[in-house]
1. Could you sort the peptides 54-66, 195-207 by per-residue average Cβ neighbour count (10 Å cutoff), highest mean leading?
2. Let me check something: with ligands and nucleic acids excluded, how do C153, C209 order by accessible area (1.4 Å probe), largest to smallest?
3. Exactly which trypsin sites (Lys or Arg not before Pro) in the stretch 119-194 are in a DSSP loop and have at most 10 other Cβ atoms within 10 Å?
4. Given a 1.4 Å probe, how much area per residue of the stretch 1-108 is accessible, in Å²?
5. Amide H to amide H, which residues 5 or more places from Y201 or on other chains are under 5 Å from it, using H placed in the peptide plane?
6. Go ahead and run the numbers for FRET between R71 and S241, Cβ-Cβ distance against an R0 of 30 Å, rounding to 0.05.
7. So what is the 222 nm mean residue ellipticity for the chain from helices alone, if each DSSP H run of at least 4 adds -39500 (n - 2.57) and you divide by all residues, rounding to the nearest 500 deg cm²/dmol?
8. Pop a pseudo-label 7 angstrom from the Cα along the beta-carbon direction at both E120 and A166 and give the gap in nm to one decimal.
Amino acid sequence: MSASRTPPAAVPRHVAIVMDGNGRWARRRFLPRFVGHEQGMQTLLRVLDDFAARGVEYLTVFAFSSENWKRPEEEVSGIMGLVLTGVAKYLRKLAAEGVRIRVVGDREGLSPKLRAAWDEAERSTAANTRIHLSVAFNYGGRWDVVQACRRACAEGLAPEQIDEAALASRMALAFAPDPDLFIRTGGEMRVSNFLLWQTAYAELYFSDCLWPDFGPQEVEAALAAYAGRERRFGGVRADESAPQGA
Ligand code: IPE
Ligand code: IPE
Ligand code: MG
């Protein structure tokens, strides 16, 4: 096998999820969209455990995009309130279970109360290592590239010092390996400005399941699909890469 190829790993180290379909889940039950978001939060808590049990080290979830401010004010404030109650209610449990929480995204646009809640979630889980949960909140892939460039400029890097490694080390998820598996629930097949830079070689997996319904079977199905993929990173297939004449 040539040195440039990575053997297929059965379990992804890093899974990124666009948790989509909360609104439709609620609408189908004639409930307010907010109820879908509440259910979505419960799903996240369950799924986090499932992935941790399967050996996934990093889970990054899209919870609120840079563009989600376009939603009705009632829905936006409902989501913000859900974060506050969610942190108050579940943080201690998550911290005790070894979950390390990080929030990635533009914090400037968030209320002081919300910033304080996220800060507390990060602080009280900072020593944990069982699974790294990164919550993308007020996050956009384009925002991330721009903020990395701004940081590089602010640190005085010359143009010739700006390369992929220089930007990668300043991106919001610089602490994690690039996602191996990108999941989107809810049936849409688009990226919606999630991890544009980091998913260059992620395996994509789309599920029609609405996020509140995403359960252990769906987790298994996504991991099984991943295990069946052959990653090449621009190289050639494993059976074609044996050294010629060897
Ligand atoms: C995803 O679910 C959660 C957020 C964007 C906050 P949606 O609210 O987008 O659900 P649908 O796509 O309308 O069903
Ligand atoms: C992506 O879902 C954002 C989150 C899941 C937080 P959206 O529902 O906002 O995406 P679009 O609008 O369908 O592309
Ligand atoms: Mg949606």
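The values are calculated or read from the model by the stated rules, or taken from the named source; none is laboratory data. Because the structure is predicted, anything quoted here is derived from the model rather than measured. Every residue, glycine among them, receives a Cβ derived from its backbone with ideal geometry; neighbour counts consider all protein chains shown. These accessible areas exclude ligands, DNA and RNA; they are computed on the full protein's heavy atoms, side chains included. Shrake-Rupley method; radii C 1.70, N 1.55, O 1.52, S 1.80 Å.
1. Details: 54-66: 20.5, 195-207: 17.8.
Highest mean packing first, the order is 54-66, 195-207.
2. Working: C153 85, C209 25 Å².
Largest to smallest exposure gives the sequence C153, C209.
3. Details: sites: R123, R130, R142, R150, R151, R170, R184, R190; in loops: R130, R170, R190.
For trypsin sites (Lys or Arg not before Pro) across the stretch 119-194 that sit outside H, G, I, E and B with at most 10 neighbouring Cβ atoms in 10 Å, the list reads R190.
4. On the way: 5540 Å² over 108 residues.
With all protein chains present, the stretch 1-108 gives 51 Å² per residue.
5. Residues meeting the amide H criterion: none.
6. Values: r = 48 Å, r/R0 = 1.60.
Computed FRET efficiency for R71 and S241 comes out at 0.05.
7. Working: 7 runs with 94 residues, N = 246.
One gets -12000 deg cm²/dmol as the mean residue ellipticity at 222 nm.
8. A separation of 4.1 nm, rounded to one decimal place.
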